[in-house]
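What follows is a single structure, written as structure tokens, with notes after it.
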Amino acid sequence: MNTVIERIEAIEAKRESGWAKDAKWRSLNQDWLKISFKIAVKILREIRRQKPINGMTQAKLAKEMGVSAQYINKVVKGRENLTLETISKIEQVLGIVLIEIPVSASVNV
């Protein structure tokens, strides 16, 4: 007959570890995480730069974008997969460019 500890160990052995799952995800998404980190740093720097000028904060950015402060917190921690729409809203509110798209001479925009 199994003891309680043996039963718990058996259950745990079947469950994938949270940190292992996170490590695997980070390994598979290294390129995206580098870009996400650069975007987050650029947003935080701009918020800091604007704070003495217009009182910009993460909460103010969130309000002006119509999103929650928690969402902006995820963005600046690099934990949110940003859409082009969200990137555009951040650029508009902060008056910065987060992603530049090169325009080819042969493409009419």
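Taking first residues from segment 75-88 that are of a type in the set (K, R) and partners that are outside any helix (DSSP H, G or I) and open to solvent by 50 Å² or more (accessible area, probe 1.4 Å), no Cβ contact under 8 Å between residues at least 6 apart in sequence or on separate chains turns up. Those helices (runs of 4 or more DSSP H) of the chain in which 1 or more residues are aromatic (F, W, Y) and surrounded by 10 or more Cβ atoms within 10 Å (Cβ to Cβ) occupy 18-28, 30-54, 69-76. Residues of segment 53-81 that are farther than 18 Å from V41 by Cβ and polar (S, T, N, Q): N54, S68, Q70.
The values are calculated or read from the model by the stated rules, or taken from the named source; none is laboratory data. Since the structure is predicted, the reported quantities are computational estimates derived from the model, not experimental observations. Using ideal geometry, Cβ is built from the backbone for each residue, glycine included, and neighbour counts are taken over all protein chains shown. Each accessible area value is taken on the protein alone, full model and side chains, heavy atoms only, with ligands, DNA and RNA left out. Shrake-Rupley method; radii C 1.70, N 1.55, O 1.52, S 1.80 Å.
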